[in-house]
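K.L.:
Here it is: the structure, laid out below.
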Amino acid sequence: MTAAGHPRPGVLALQGAVEPHVACFRALGADCVEVRDAGALRDVTHLVLPGGESTTIARLSALFGLDAAILEGYRAGRLALFGVCAGAILTGVDDGVRPRRWGLLDARFERNAYGTQLSSTRRRVELTPSARAGGSASFVGAFIRAPRIVAFGADVRVLGSSNGEPVLVEGPRILAATFHPELSGELRVHRRLLAL
Ligand code: GLN
């Protein structure tokens, strides 16, 4: 929380689908910061790592010292995170494959697990009761060259699944989605992030 006690969301804005997340936070009545350097991260309490190209986001984050600042903020308990698709990949366990994962969420992500851009689909995402927040039990999610969660640890909970596979998970102060809730007019995941 900021000094005033309000959440101050940010979106890592180096590459990828930044704008739709800014729009989600606006719709929730929260002022949102586009984060391009470590200075802008200082006042942010909740950060979206957006979808895009994980290799590019990893490279630019390292170039601007943002990867270290995000790790530091998360580990110090100052920053809650939501990794979306490419951003989710980066939060995972480093298994020696490029791009190097940041090891924040105890989960392993296989990149491009469903194939190329041509295999991108809309699929129904079923939410667990705790993730429904009084709303619908499912919605249609956009899976765009999506990764697959191939393993996750004991402190990671599944909040959403599609075709029986986990696609939305939560760890301590961190959410990860293999699809794009921000492209479905779905605000519940962003609202949940702000409550972390
Ligand atoms: N395929 C991309 C990657 O591996 C992720 C795609 C996305 O973020 N929609 O980085």
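The values are calculated or read from the model by the stated rules, or taken from the named source; none is laboratory data. Just so you know, these numbers come straight off a predicted model, no measurement behind them. FYI the Cβ positions are ideal-geometry reconstructions off the backbone, even for glycines, and counts take in every protein chain you see. When the accessible area is computed, the model is the full protein with side chains, heavy atoms only, and any ligands, DNA or RNA have been set aside. Shrake-Rupley method; radii C 1.70, N 1.55, O 1.52, S 1.80 Å.
K.L.:
Restricting to region 73-109, give me the number of residues that are touching a residue at least 40 places away in the same chain (Cβ under 8 Å) and either loosely packed, with under 13 Cβ neighbours inside 10 Å or within 11 Å of the ligand (Cβ to nearest atom) (or both).
P.N.:
Number satisfying all stated conditions: 12.
K.L.:
In the set Leu63, Leu47, Leu41, which member is without any contact (Cβ under 8 Å) to a residue 40 or more places away in the chain and out of contact with any strand residue (DSSP E or B) (no Cβ under 9 Å at 6 or more places or on another chain)?
P.N.:
Leu63
K.L.:
Same structure again: Test Ala62 against the criterion of being open to solvent by less than 30 Å² (accessible area, probe 1.4 Å) and either touching a Gly at 6+ places or on another chain (Cβ under 9 Å) or within 27 Å of Ile144 (Cα to Cα) (or both), and give yes or no.
P.N.:
Here the answer is no, as Ala62 does not meet what is asked.
K.L.:
Let me ask another. Which one of these does Asn112 not meet: (1) under 25 Å from Thr45 (Cα atoms); (2) open to solvent by 20 Å² or more (accessible area, probe 1.4 Å); (3) near the ligand (Cβ under 10 Å from one of its atoms); (4) not aromatic (Phe, Trp, Tyr)?
P.N.:
(1)
K.L.:
Is it the case that some residue within region 165-182 is more than 12 Å from the chain's Cα centre (by Cα), of a type in the set (Lys, Arg) and under 17 Å from Gly92 (Cβ atoms)?
P.N.:
no
K.L.:
Being of a type in the set (Val, Ile, Thr) and farther than 18 Å from Leu175 by Cβ is the filter; apply it to region 115-143 and report the residue that is nearest to the ligand (Cβ to nearest atom).
P.N.:
Thr116
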